[in-house]
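These notes are about the structure you will find just below.
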């Protein structure tokens, strides 16, 4: 069943792009841990890379890889293999290669220098964001047959989650500043995997005190066992839902 994904995985990890990406993450991680006097400060710097660079690379690489694999996918479609299996294997091979690069480039240094609950949270969120944005990339790529439009849509989607969404949240909070909006922000944060991951990591860095009453509300909810399960469940849904629609679109797509 996973023969296609193994081929995709081996093909990607041998490429210069994946090797360069892994070495870049390794260099940045080791540099930050060696330059900072406290490993917790290095983790805070790494968090920005995990929340911005990792989703961007995952999104762009997955989109480009899908379009570059178009002829291979067409070849597989001529074989007695179901469409669902083809696209799921493509996704598995692509996402696992990106996840492996992340785990080596950031996960390994974090385990060496700061193997704590905060470090584990950082590793987990980076891993899940990698496969989330790979899933979103496959959805946008399948929806758009034109390569330029597909890459543009992927960049726009990343830009929305990384930057625009925060601005929308701030506008909502500013407009409703006379009302208690803490529970509303809890709900809105679930609609953005990057925001949800940021809150999840920051609370384990014990900086919620800097966030005032809202931070206390976040810590009360996300800091509990239920909050951790809720966060993990929502992030897993961010993987499953886009891939479900991607598979459904690919099943009826005219190649």
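The values are calculated or read from the model by the stated rules, or taken from the named source; none is laboratory data. For clarity, every value in this text was computed on a predicted model and none was experimentally measured. Don't worry about glycine lacking a Cβ; one is built from the backbone with ideal geometry, like all the others, and counts go over all protein chains shown.
Scanning the range 14-35 for residues that are crowded, with 16+ Cβ neighbours inside 10 Å and more than 19 Å from the chain's Cα centre (by Cα) yields 30, 32, 33.
Every residue, every condition in (1) outside any helix (DSSP H, G or I); (2) modelled with pLDDT of 75 or more, yes or no:
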residue	(1), (2)
180	yes, no
185	no, no
188	no, yes
210	no, no
217	no, no
229	no, yes
240	no, yes
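Among the criteria (1) more than 13 Å from the chain's Cα centre (by Cα); (2) over 19 Å from residue 248 (Cα atoms), the one residue 98 does not fulfil is (1).
For the range 1-49, which residues satisfy the criterion of being at pLDDT below 85, assigned to a helix (DSSP H, G or I) and farther than 27 Å from residue 201 by Cα? Correct list: 3, 4, 5, 6, 7, 8, 9, 10, 11, 12, 13. Contact annotation: residue pairs with Cβ atoms under 6 Å, 6 or more positions apart or on different chains, pairing a residue in the range 169-183 that is closer than 20 Å to residue 193 by Cα with a partner that is modelled with pLDDT of 75 or more and surrounded by 14 or more Cβ atoms within 10 Å (Cβ to Cβ), are 169/188.
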